[in-house]
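The values are calculated or read from the model by the stated rules, or taken from the named source; none is laboratory data. Predicted, not measured: the structure shown is a model, and the values here were computed from it. Glycine also receives a Cβ, built like all others from the backbone with ideal geometry; neighbour counts cover every protein chain displayed.
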Amino acid sequence: MPIKRYLLAPGPTPVPPEVLLRMAMPIIHHRAPDFIPVLDEAKKGLKWLFQTENDVLILCSTGTGGMVGAVNNFFNPGDKVIVVNGGKFGERWTKICQAYGLNVHEISVEWGYSVKPEQVEEALKKVPDAKGLFMQSCETSTGVYHDIEGVSKVLKNYPDILFIVDSISALVAHDIKTDNLGIDVHIAGSQKGLMLPPGLALVSVSEKAWKRAETSKMPRFYFNFKKEREALQKNQTNFTSAVTLIIGLNESIRLLKAEGLENVFKRHARLANALRKAMEAIGLRLFAKSSPSNSVTAIEAPPGIDGQAIYKALREKYGITGAGGQDKLKGKIFRIAHLGYADTFDVITAVSGVEMVLKSMGYSIKLGTGVGVAEEILMEE
Ligand SMILES: *Cc1c(COP(=O)(O)O)cnc(C)c1O
């Protein structure tokens, strides 16, 4: 028998059988009447999921495409912007902004920590003519959930700044109320919390951002948000719709609705908490020193053991695909996601796998210690 696989990576994530089945249906044509109700349902479902009255654009691309569009639809070359950079994805904001000629002022956050609202306040004072603030809600590379509520409060006093948030790994796992928090451009991706294959970027755009878009003269063709919005109003997309993924999206949203948004957030919090406590119980340290995310947990490799070797052994010996560390964290950490289609036994599997791998590497551990702790927590109502 081939090794049985357990996908516990922070994207792509497993796809529920209900969604896979829906996506196995024959393709329908994106300009034919059949597709109109499909897109209409997706539009409404996304507003519910993003907790917004805004239009949520449906783009056929990975999440990064949504990030690119957030830069080249609302700004002009030379515009000053602030980027919260506390990991690989924060760094990506800087790189995209710079690729389009924006003038980036970075708030450099030590990896493993959440940005402090005071740091944002300070940056805003230093760059009073900033046009936008870019950040992640969950910084997937470090497993930190940034304090976007705190940042949102600070930004209430700066009405001219566009608040642009990459929630690609956080939506569904965290309660992020787009409108309440005043998020102007809010981005998600299909292959994370939404329990779908890769291929969709979803972008909520506020009226304030649409107004700003009118002044933006950046070159754009594929990611033309204005055209996407016009198409969306006719229950279409500008180019060929990712028909299959959008059908799957509707099924995913149906599953999430049946569970209830509050329960979805609680489930993620419960799974994340159980994994964290189990890792600590076997003597490991969490990489996130403040505000660990409910999407993905970054765990420090114990002294003398290579984090990449743990990640690799989990996959090769036990079929558990988590993630290693990126960039300067390579070898120092490994990551386990509890995101999207994740439940009790995904966490038990992960904890058990980590225990067995560490033991085989000579780490001193009483097998079952972490599993026991996780079980206690997961049995609680
Ligand atoms: C996964 C991820 C992305 C997007 O990656 P793609 O490969 O383009 O889908 C962006 N930001 C964060 C925080 C992510 O976790």
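Key figures
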quantity: Residues within the range 152-177 that are part of a loop (DSSP other than H, G, I, E, B) and surrounded by 24 or more Cβ atoms within 10 Å (Cβ to Cβ), tallied; calculated: 7
quantity: Odd one out for residue 359, checked against (1) surrounded by fewer than 16 Cβ atoms within 10 Å (Cβ to Cβ); (2) under 24 Å from residue 171 (Cβ atoms); calculated: (2)
quantity: Filter result (of a type in the set (Gly, Ala, Ser), surrounded by fewer than 18 Cβ atoms within 10 Å (Cβ to Cβ) and either closer than 15 Å to residue 339 by Cβ or assigned by TED's automatic domain parsing to the domain that holds residue 324 (or both)) within the range 1-29; calculated: none
quantity: Every residue from the range 134-151 that is away from the ligand (no atom under 16 Å from the Cβ) and either crowded, with 22+ Cβ neighbours inside 10 Å or under 24 Å from residue 65 (Cα atoms) (or both); calculated: none
quantity: Matching option when the condition is without any contact (Cβ under 8 Å) to a residue 60 or more places away in the chain, more than 15 Å from the ligand (Cβ to nearest atom) and under 27 Å from residue 129 (Cβ atoms), among 211, 217; calculated: 211
quantity: Filter result (closer than 22 Å to residue 328 by Cβ and part of a helix (DSSP H, G or I)) within the range 258-287; calculated: 279
quantity: Within the range 288-381, helices (runs of 4 or more DSSP H) holding 3 or more residues that are closer than 20 Å to residue 6 by Cα and among the hydroxyl-bearing types (Ser, Thr, Tyr); calculated: 344-360
quantity: In the range 120-135, the residues that are within 20 Å of residue 97 (Cα to Cα) and under 25 Å from the mean Cα position of the chain (by Cα); calculated: 120, 123, 131, 132, 133, 134, 135
quantity: The range 46-89, residues that are farther than 20 Å from residue 208 by Cα, buried (at least 19 other Cβ atoms within 10 Å of the Cβ) and more than 15 Å from the ligand (Cβ to nearest atom); calculated: 49
quantity: Single match in 206, 216 (criterion: among the hydroxyl-bearing types (Ser, Thr, Tyr), surrounded by 15 or more Cβ atoms within 10 Å (Cβ to Cβ) and within 20 Å of the chain's Cα centre (by Cα)); calculated: 206
quantity: Residue 38 being farther than 24 Å from residue 172 by Cβ, more than 16 Å from the ligand (Cβ to nearest atom), modelled with pLDDT of 95 or more and of a type outside the set (D, E, K, R); calculated: no
quantity: Filter result for the condition that a residue is under 16 Å from residue 327 (Cα atoms) and not assigned by TED's automatic domain parsing to the domain that holds residue 327, over 110, 121; calculated: 110
quantity: Matching option when the condition is in a strand (DSSP E or B), over 16 Å from the mean Cα position of the chain (by Cα) and either away from the ligand (no atom under 12 Å from the Cβ) or crowded, with 17+ Cβ neighbours inside 10 Å (or both), among 107, 96; calculated: 107
quantity: Residue 64 vs. criteria under 26 Å from residue 326 (Cβ atoms), outside any strand (DSSP E or B) and in contact with a strand residue (DSSP E or B) (Cβ under 7 Å, 6 or more places away or on another chain); calculated: no
quantity: Exclusive hit being within 16 Å of the ligand (Cβ to nearest atom) and either polar (S, T, N, Q) or part of a loop (DSSP other than H, G, I, E, B) (or both), set 181, 245, 196; calculated: 196
quantity: Subset tally (residues that are surrounded by 19 or more Cβ atoms within 10 Å (Cβ to Cβ) and part of a loop (DSSP other than H, G, I, E, B)) for the range 224-242; calculated: 4
quantity: Tally, over the range 11-20, of residues that are touching a residue at least 40 places away in the same chain (Cβ under 8 Å), farther than 16 Å from residue 200 by Cβ and assigned to a helix (DSSP H, G or I); calculated: 1
quantity: Residue 125 without any contact (Cβ under 8 Å) to a residue 24 or more places away in the chain, within 15 Å of the ligand (Cβ to nearest atom) and part of a helix (DSSP H, G or I); calculated: no
quantity: First in the range 90-113 and at positive phi, second anywhere and at pLDDT 95 or above, Cβ under 7 Å, 6 or more apart; calculated: 101/77; 101/78; 112/142; 112/144; 112/287; 112/288; 112/289
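This table checks each residue for (1) among the acidic types (Asp, Glu); (2) surrounded by 24 or more Cβ atoms within 10 Å (Cβ to Cβ); (3) more than 22 Å from the chain's Cα centre (by Cα).
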site	(1), (2), (3)
282	no, no, yes
290	no, no, no
303	no, no, yes
319	no, no, yes
333	no, yes, no
339	no, yes, no
348	no, no, yes
